[in-house]
1. Among Leu103, Leu46, which is out of contact with any His (no Cβ under 8 Å at 6 or more places or on another chain) and at pLDDT 90 or above?
2. Condition (residue is modelled with pLDDT of 85 or more, in contact with a helix residue (DSSP H, G or I) (Cβ under 8 Å, 6 or more places away or on another chain) and of a type outside the set (S, T, N, Q)) applied to segment 49-60: is it met by at least one residue?
3. Would you check which residues across segment 74-123 are of a type outside the set (A, V, I, L, M), under 29 Å from Gly31 (Cβ atoms) and either open to solvent by 40 Å² or more (accessible area, probe 1.4 Å) or under 21 Å from the mean Cα position of the chain (by Cα) (or both) and list them?
4. Looking at segment 27-41, which of its residues are within 23 Å of Arg69 (Cα to Cα), open to solvent by 50 Å² or more (accessible area, probe 1.4 Å) and out of contact with any Lys or Arg (no Cβ under 7 Å at 6 or more places or on another chain)?
5. Does Val23 meet the test of being buried (at least 20 other Cβ atoms within 10 Å of the Cβ), of a type in the set (A, V, I, L, M) and either touching a Pro at 6+ places or on another chain (Cβ under 6 Å) or without any contact (Cβ under 8 Å) to a residue 60 or more places away in the chain (or both)?
6. Against the definition (in contact (Cβ under 8 Å) with a residue 24 or more places away in the chain and crowded, with 17+ Cβ neighbours inside 10 Å), how does Ala64 come out, yes or no?
7. Give segment 26-57 a look and list any residue that's touching a residue at least 60 places away in the same chain (Cβ under 8 Å) and closer than 23 Å to Ile94 by Cβ, or say none.
8. Looking at Asp56, Asp48, Asp7, can you tell me which residue is farther than 25 Å from Leu168 by Cβ and open to solvent by 20 Å² or more (accessible area, probe 1.4 Å)?
Amino acid sequence: VPHLGGDLFRALSLLPGITANDVSARFSIHGGRRDEVAVLLDGQELYDTFHLKDYDGALSAVPAKDLGRAKLTTGALDASYGDRMGGALDLTTIQPTATRRTLFGLSSVDALVQGSGALPNDRGSWLASGRRGFLDLAGRAIGSENPALWDLLGKLELRLGENLIIPLNGARL
């Protein structure tokens with residue numbers, strides 16, 4: 001579904017029971033507050049997952065190109081989601097390919113560079129992604145606004161044995 005900046009969070013507002021305004025990527029479920037939705041990335045809960053806070057969180061901090069799966073749960077949640085009552089958005093990053101892969105993306109909102117591949121001797125895999133927004137350039141052209149956005153994401157999976165994989169994830173969102 002086409003959406004501003006390739007933002008998955010903006011596309012969610014098209015689902016039944018999900019509401020959002022035209023300016024923000026923040027959404028609510030079944031009329032609840034927007035902060036009642038848990039957002040998890042590879043099992044880790046993310047807090048305040050939006051860029052451009054002065055503009056009501058206009059874009060999410062997780063690029064859709066980095067995602068392999070998104071599962072939205074609405075309604076009753078179990079205790080593992082803590083005090084979130086509206087729902088949960090469980091995001092999983094893409095699985096790195098066996099061969100080295102590089103992706104360059106350019107949109108009207110941002111530029112993205114992503115790389116992935118396997119470690120030597122089948123010792124694991126890696127994924128790295130960086131995104132930089134262009135909105136600050138437009139802001140300088142029309143006035144004193146400076147709506148900057150950028151984020152980095154890294155994932156390393158080390159295979160230590162037949163059934164032992166240690167995942168290392170890091171992000172600057």
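1. Leu103
2. No, because not a single residue in segment 49-60 is modelled with pLDDT of 85 or more, in contact with a helix residue (DSSP H, G or I) (Cβ under 8 Å, 6 or more places away or on another chain) and of a type outside the set (S, T, N, Q).
3. Thr74, Asp78, Ser80, Tyr81, Gly82, Asp83, Arg84, Gly86, Gly87, Asp90, Thr92, listed by residue number.
4. We begin by selecting, within segment 27-41, every residue within 23 Å of Arg69 (Cα to Cα); these are 27-30, 34-41.
With open to solvent by 50 Å² or more (accessible area, probe 1.4 Å) added as a condition, the list becomes 30, 34-35.
Within segment 27-41, His30, Asp35 qualify.
5. Answer is no for this residue.
6. yes
7. Leu41, Asp42, Gln44, Leu46, Thr49, His51
8. Working: Asp48 fails: farther than 25 Å from Leu168 by Cβ; Asp7 fails: open to solvent by 20 Å² or more (accessible area, probe 1.4 Å).
From the options Asp56, Asp48, Asp7, the qualifying one is Asp56.
The values are calculated or read from the model by the stated rules, or taken from the named source; none is laboratory data. As the structure is a computational prediction, the values presented were derived from the model and not from experiment. So basically every Cβ, Gly included, is an ideal-geometry build from the backbone, and we count neighbours across all protein chains shown. Heads up: the accessible areas ignore ligands, DNA and RNA and are worked out on the full protein's heavy atoms, side chains in. Shrake-Rupley method; radii C 1.70, N 1.55, O 1.52, S 1.80 Å.
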